[in-house]
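Supplied in structure tokens, the structure appears directly below.
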Amino acid sequence: MTQKQGGRIAGFDGLRAIAIIGIVLYHLFPDRVPGGFLGVPLFFSIMGYLLVYSSWNELRYGDFDLITYYAKKIRRLYPPLIITLLLTGLFMIPLWPRLTKGTLPELQSVLLGYNNWWQIAQNSSYFTRIMNASPLTHLWYLALTMQYYLVWPAVFLIGLLMRNLMDKEDIGLLLIAAAVVSAVEMGMLYTPGEDPSRVYYGTDTRAFSLLLGMALALFPVDRIGARMRKNRYPAKAVFFGCLVITAVLYLKANGTSAWIYRGVMFAANIVLIAMMFFAIGWQKHIGIPLDQPLLKWIGTRSYMIYLVMFPVIYFFSQYFPDADTLMMKLAALAVILALAEIIWRIDRMITMRSRVRSSNKKRASAISLRRKVQSFLVMSLLMASTVLIAIAQTERFEATHDTSDMELLEKELAENAAMLAKQSETGKKPETAAPEISSGPVVTEAPEETPEPTPEATPTPEPTQTPEETGVVQTTEYTAIGDSVMLGAYANMRQELPMIWVDAAQSRHANVGVIVADGLYQYGHLGQTVIVHLGTNSRFDQETGQQLIDYLGPDRTIYWMTCRGPSLYYINDVNETIRQLAEANWNVSVLDWQGYSAEHYEWFYSDGIHLNIEGRIAYTHFIADQLGLPLPVEETPQEETTG
């Protein structure tokens with residue numbers, strides 16, 4: 001029988017610590033720990049194991065009750081969540097009204113457990129997504145947790161009925177088959193170049209982690225471990241190997257790769273399941289040592305750490321200009337751990353107060369009921385306060401922002417995309433084949449909380465060859481590659497800077513820069529001077545930027561514009577990456593659009609990112625001034641002279 005420490009399976013706190021360490025480091029240091037988001041599947045697998053393990057034990061002793069089950073889950077999830085939501089709402093007040101417009105509906109989706117599907121719906125619209133950059137984005141995970149908890153009793157009942165027809169191990173094999181189906185669905189639904197929110201947030205496409213954990217609970221891990229111990233199987237070495245693989249995945253797995261969705265995440269989950277297997281089967285030698293004091297402390301507070309992690313990082317980016325420095329990130333980590341400890345202690349206090357020991361059962365029951373009612377009233381008051389703050393913030397935003405300008409922006413971008421497509425058609429060289437280049441709205445950006453997947457549309461082209469080698473003569477001196485910010489200024493740039501060939505598209509990410517540049521080269525429009533404005537939609541690592549620079553080659557002069565996004569928590573990281581690229585490459589210079597436009601709110605639509613009429617003029621003139629390009633001189637009528 002699995003050994004327990006204080007009612008907890010030995011080793012699971014250590015495994016939770018491994019999971020949350022990866023997730024937190026991914027958010028703090030996305031360039032250094034790009035695969036840390038793979039800690040999430042470990043959380044789901046532990047959840048699946050415990051659902052089967054605890055429910056089966058409760059049923060065996062006659063303690064499984066549906067009302068008690070749901071009460072326990074609500075009690076476990078909501079008090080820390082409500083405290084976190086209230087703190088988040090309070091810290092948002094000084095940032096009113098320039099932050100998210102969807103606070104109230106988002107809060108509702110969090111509390112009712114459908115935030116993942118709410119985010120999928122939001123991300124279906126580029127403009128809604130960019131307007132709703134939020135410190136609560138990470139709570140999609142909690143929504144899946146609530147949904148899995150909600151349907152579990154029905155799944156458990158089906159399992160009990162099947163138990164009369166087949167062995168537990170056979171049911172476990174069916175769960176493994178279902179997990180494979182879920183993983184295959186993830187791979188099939190993922191399409192490079194399209195928004196991956198449906199794949200990453202979907203209840204069905206993420207179910208394989210839960211199902212694998214449930215399957216593990218149906219196999220006699222203890223007996224298997226005992227037999228393997230008799231054969232002196234080197235369990236510690238294998239467990240350590242799995243731990244090393246997990247660390248390598250944390251450090252090397254790239255969330256921008258299509259393979260993450262087409263097998264890597266599932267394979268990583270198998271490694272994590274193996275770690276669970278050895279921790280459970282070798283309690284004395286692996287499970288109990290894994291719960292060493294530091295990991296146990298982190299593991300027992302992992303839920304609280306997860307709740308406060310993203311809001312703290314988000315608010316640091318809003319309140320501190322140097323939030324992307326190492327010292328500030330370490331300070332953010334300290335705040336995360338401190339808040340997690342405080343919330344854990346408050347939650348613990350509420351739990352302990354509801355327990356009463358007394359020889360007089362009637363009196364103990366009355367005291368326990370009174371304390372539960374008091375806790376419920378306190379939590380209800382905190383929730384009401386949180387909702388009122390969300391209502392006030394939403395109404396304040398709507399009162400101070402005419403968000404109808406987003407409809408105008410969408411129309412203008414569509415018109416500019418049509419003009420740009422016409423330019424591309426007239427500028428093509430019919431005899432030259434080239435990869436497809438999107439000049440209209442193509443969503444490639446991923447959700448902020450979690451791994452920011454971006455397209456891996458085609459293999460990276462080889463470095464450009466000389467015209468003598470390819471026969472492709474470059475007829476353009478200046479080329480601009482950008483996202484929707486540049487797309488908004490396209491008409492102005494075309495009119496005032498006709499010497500620049502512009503290729504811009506809505507939702508474009510830096511990861512497709514090489515593909516776009518190669519297409520421009522094949523059609524003869526990759527000039528000796530290239531202006532790049534990519535990074536608004538999500539962060540990118542230095543390696544991705546370097547690939548574009550290497551493709552363009554050392555003979556070209558490159559100007560990379562910094563990005564502006566007052567409500568985008570990652571924007572400082574993006575701009576720091578741009579500056580690092582400029583430092584590492586002598587032919588790359590930074591055009592600091594963020595700094596130049598910082599105090600000019602009048603240049604932007606209500607999202608603070610896209611350009612209105614005045615902003616497009618300023619944007620065009622900024623590029624012209626920085627590159628020393630001539631602007632058309634308006635002719636003024638001469639006064640008549642009389643003799």
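The values are calculated or read from the model by the stated rules, or taken from the named source; none is laboratory data. Only a predicted model underlies this, so the values are computations on that prediction, with no experimental measurement involved. We place every Cβ from the backbone using ideal geometry, glycine too, and count neighbours over all the protein chains shown.
Conditions first: (1) modelled with pLDDT of 90 or more; (2) out of contact with any His (no Cβ under 7 Å at 6 or more places or on another chain). Trp282 passes all but one, so which condition is the exception?
(1)
Over 30 Å from His509 (Cβ atoms), assigned by TED's automatic domain parsing to the domain that holds Phe278 and either of a type in the set (D, E, K, R) or surrounded by fewer than 19 Cβ atoms within 10 Å (Cβ to Cβ) (or both): which single residue out of Leu211, Leu160 fits that description? Write out each step before concluding.
Working: Leu211 fails: either of a type in the set (D, E, K, R) or surrounded by fewer than 19 Cβ atoms within 10 Å (Cβ to Cβ) (or both).
The conditions single out Leu160.
Pick out the one residue from Tyr70, Tyr53, Tyr61 that is of a type in the set (Ser, Thr, Tyr) and surrounded by 15 or more Cβ atoms within 10 Å (Cβ to Cβ).
Details: Tyr70 fails: surrounded by 15 or more Cβ atoms within 10 Å (Cβ to Cβ); Tyr61 fails: surrounded by 15 or more Cβ atoms within 10 Å (Cβ to Cβ).
None of the other options fit; the residue is Tyr53.
Considering only residues of segment 315-332 that are at pLDDT 90 or above and crowded, with 20+ Cβ neighbours inside 10 Å, which is nearest to Leu42 (Cα to Cα)? If you could, list the steps in order and put the result at the bottom.
The initial filter retains those residues of segment 315-332 that are at pLDDT 90 or above, namely 315-316, 326-332.
Checking which are crowded, with 20+ Cβ neighbours inside 10 Å leaves us with 315-316, 332.
On the way: Phe315: 27, Phe316: 28, Ala332: 24 Å.
Result: Ala332.
Is it the case that some residue within segment 265-274 is of a type in the set (A, V, I, L, M, F, W, C), touching a residue at least 12 places away in the same chain (Cβ under 8 Å), more than 27 Å from Asp541 (Cβ to Cβ) and in the same structural domain as Pro192 (by TED's automatic domain parsing)? First the steps, then the outcome.
Going through segment 265-274, the residues of a type in the set (A, V, I, L, M, F, W, C) turn out to be 265-268, 270-274.
Subsequent filtering for residues that are touching a residue at least 12 places away in the same chain (Cβ under 8 Å) retains 265-266, 268, 270-274.
With the extra rule that they be more than 27 Å from Asp541 (Cβ to Cβ), the set shrinks to 273-274.
Checking which are in the same structural domain as Pro192 (by TED's automatic domain parsing) leaves us with 273-274.
Yes, some residue in segment 265-274 is of a type in the set (A, V, I, L, M, F, W, C), touching a residue at least 12 places away in the same chain (Cβ under 8 Å), more than 27 Å from Asp541 (Cβ to Cβ) and in the same structural domain as Pro192 (by TED's automatic domain parsing).
Listed here are the residues, each with its yes/no results for (1) polar (S, T, N, Q); (2) closer than 23 Å to Trp96 by Cβ; (3) at pLDDT 95 or above; (4) buried (at least 17 other Cβ atoms within 10 Å of the Cβ).
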residue: Gln292; (1), (2), (3), (4): yes, no, no, no
residue: Val308; (1), (2), (3), (4): no, yes, yes, yes
residue: Ile346; (1), (2), (3), (4): no, no, no, no
residue: Ser365; (1), (2), (3), (4): yes, no, no, no
residue: Leu377; (1), (2), (3), (4): no, no, no, no
residue: Ala384; (1), (2), (3), (4): no, yes, no, no
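Mind telling me which of the residues Pro80, Pro41, Pro94 ends up being in a helix (DSSP H, G or I) and surrounded by fewer than 18 Cβ atoms within 10 Å (Cβ to Cβ)? Don't jump to the end; show me each part of the working.
Values: Pro80 fails: surrounded by fewer than 18 Cβ atoms within 10 Å (Cβ to Cβ); Pro41 fails: surrounded by fewer than 18 Cβ atoms within 10 Å (Cβ to Cβ).
Residue meeting the stated conditions: Pro94.
Among the residues of segment 243-252, is any outside any helix (DSSP H, G or I), of a type in the set (Val, Ile, Thr) and buried (at least 21 other Cβ atoms within 10 Å of the Cβ)? Spell out the reasoning first.
Filtering segment 243-252 down to residues outside any helix (DSSP H, G or I) leaves none.
Checked segment 243-252: no residue is outside any helix (DSSP H, G or I), of a type in the set (Val, Ile, Thr) and buried (at least 21 other Cβ atoms within 10 Å of the Cβ).
Does any residue of segment 48-56 turn out to be modelled with pLDDT of 95 or more and not aliphatic (A, V, I, L, M)?
Yes, that holds for at least one residue.
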